[in-house]
1. Which length gain, in nm to one decimal place, applies between residue B:66 and residue B:48 when the Cα-Cα distance is subtracted from 0.36 nm times their residue separation?
2. Please say if the protein assembly as shown is rounded, prolate or oblate, where rounded means a/c under 1.5 for a ≥ b ≥ c the square roots of the C-alpha gyration tensor eigenvalues, and otherwise the choice is prolate for a/b larger than b/c and oblate otherwise?
3. Could you work out which residue, out of B:66, B:38, B:91, moves most in a Gaussian network model of chain B, that is, has the largest mean-square fluctuation with Cα springs under 10 Å?
4. Against the longest principal axis of chain B, how steep is helix B:20-30, in degrees 0 to 90 to the nearest 10, with axes from Cα atoms?
5. Add -39500 (n - 2.57) for each DSSP H run of 4 or more in chain B, then divide by its residues: what number comes out at 222 nm, to the nearest 500 deg cm²/dmol?
6. How far is helix A:70-87 tilted off the main Cα axis of chain A, in degrees rounded to 10, range 0 to 90?
7. By the gyration tensor of its Cα atoms, with a ≥ b ≥ c the square roots of the eigenvalues, what is the shape of segment A:1-68: rounded for a/c under 1.5, prolate for a/b over b/c, or oblate?
8. So, in nm, how far is label residue A:83 from label residue B:21 when the simple model puts each one 7 Å beyond its Cα toward the Cβ?
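A short reminder: the numbers here are calculations on the coordinates, not readings from a lab. Remember, predicted model here, so these are calculated numbers, not experimental data. Quick reminder, even Gly has a Cβ in these numbers, built from the backbone with ideal geometry, and neighbours come from all protein chains shown.
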């Protein structure tokens, strides 16, 4: 990848491909900002296991992006759509563009 | 899924997530229209193995769609973009919409 993609964005796109257990640990870390020890206690696994799972998740999410390039395509299309939106005068058309962006 | 998504479309979206071996067998079947026996000979595995791999690939591809819904989103956004394109008079804007659709 050309640059490091933000973790949150990778999770937004590919999170559903992780197991439920991985998702719980990833969200506890990335969204709830829990420490590794706190997650370990909550999930009833060792601190080292949490560390390894998070590392494996990050690797898996980056590999999904390398293979599918959804985020790269999303960024390019969002740019094009914003460009298009600026030229549209009809409120309905502009709303339609927003719907498209939301679902990219 | 509400309806059966076309195999080719599933492979277009999620094929890169299959292993290289799975991709070779899937393409031999779906694109080159080789028989199971022909693929078995080409890949140096049994006919039954080819059958099982193809079945496993179809299942994996459908599960990816269930989780990520890329094709459902693609279809909805393609519809919106075609609707938008019909209203555009500028040739450049219409070209831009085509670029977006190509990269969905």
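1. Length gained between residue B:66 and residue B:48: 3.8 nm.
2. Oblate, since a/c reaches 1.5 and b/c is not below a/b.
3. Of B:66, B:38, B:91, the most mobile in the Gaussian network model is B:91.
4. In chain B, helix B:20-30 runs at an angle near 80 degrees to the longest axis.
5. Calculated mean residue ellipticity at 222 nm is -24500 deg cm²/dmol.
6. Once rounded, one gets 30 degrees.
7. prolate
8. 4.4 nm
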